[in-house]
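The values are calculated or read from the model by the stated rules, or taken from the named source; none is laboratory data. From a predicted model like this one, the values you see are computed outputs, not experimental measurements. Don't worry about glycine lacking a Cβ; one is built from the backbone with ideal geometry, like all the others, and counts go over all protein chains shown. With ligands, DNA and RNA removed, areas are computed over all heavy atoms of the protein, side chains included. Shrake-Rupley method; radii C 1.70, N 1.55, O 1.52, S 1.80 Å.
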Amino acid sequence: YLQNTVKGATPEMIEKGLQEADKIYSYWAKNEPAITEAVVGAVKDVGGTMYGLDNRRKFDKSLAKKAIADALDPLSNYKGDVEKAAAGIKDGTRYTAVFESDNFAEGYKRIKEALEQMGIREYRCKNFFKQYRDQDGSDGKKIGEQKSVQCVFETPDGQKFELQFHTPESMAAKEVNH
């Protein structure tokens, strides 16, 4: 499976990717229930709804694929190091919160505040309610459109997870594109 889906992956990279994915998955599986409880509670408390909660965890092959692909990405700093690439995965656990357009910004703000009160800090956040351009800025061509706010949060013990914020309309558009 991985040999056919990650171009340029060597058997050694695949083996290392699977080993690292197993470690990551075990760690995240242990901590995920508490994170899920915090996120679901915060979203519910501020009037949002959760979407796709059954798909909140990436599984071992998906984690391995991401680690290997990231390690091989010439734009990354991993230079073929699957272990470092695996350690850099921030969306092994991911959530989607949906808010109506008229309270979207307030919903995001209140979720962030609620998580901060639990000791969970925002690590990074990107607003994709606009067109975005290629990451290296080399030629400025439009590469796609994503309508969401995508944040990475970090627990007090350093575990990172992704939380996407959508409107019902952006969620419907995402589903069509997938």
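Only residues that are charged (D, E, K, R) and open to solvent by 90 Å² or more (accessible area, probe 1.4 Å) were counted in the range 117-131, giving 3.
Can you name the condition, by its number, that Ala97 falls short on among (1) open to solvent by 60 Å² or more (accessible area, probe 1.4 Å); (2) under 17 Å from Met171 (Cα atoms); (3) not in a helix (DSSP H, G or I)? Condition (1) is where Ala97 drops out. A single member of Gly80, Gly119, Gly17, Gly47 is in a loop (DSSP other than H, G, I, E, B), over 26 Å from Pro168 (Cβ atoms) and in contact (Cβ under 8 Å) with a residue 60 or more places away in the chain, and it is Gly80.
Restricting attention to the range 52-61, does a residue exist that is closer than 30 Å to Ser170 by Cβ, open to solvent by less than 60 Å² (accessible area, probe 1.4 Å) and assigned to a helix (DSSP H, G or I)? Scanning the range 52-61, I find at least one residue that is closer than 30 Å to Ser170 by Cβ, open to solvent by less than 60 Å² (accessible area, probe 1.4 Å) and assigned to a helix (DSSP H, G or I), so the answer is yes.
Can you tell me which of Leu2, Leu18, Leu72 is at pLDDT below 90 and among the hydrophobic types (A, V, I, L, M, F, W, C)?
On inspection, the qualifying residue turns out to be Leu2.
Please count how many residues of the range 50-77 are hydroxyl-bearing (Ser, Thr, Tyr) and either in contact (Cβ under 8 Å) with a residue 60 or more places away in the chain or more than 23 Å from Cys125 (Cβ to Cβ) (or both).
2
Can you report the number of residues in the range 22-47 which are among the acidic types (Asp, Glu), open to solvent by less than 30 Å² (accessible area, probe 1.4 Å) and farther than 18 Å from Thr96 by Cα? Qualifying residue count for the region: 0.
Filtering the range 62-77 to residues that are assigned to a helix (DSSP H, G or I) and either charged (D, E, K, R) or in contact with a His (Cβ under 9 Å, 6 or more places away or on another chain) (or both) leaves Lys65, Lys66, Asp70. With respect to the stated conditions, Leu18 is of a type outside the set (Ser, Thr, Tyr), under 15 Å from Asp70 (Cα atoms), within 22 Å of the chain's Cα centre (by Cα) and open to solvent by 30 Å² or more (accessible area, probe 1.4 Å).
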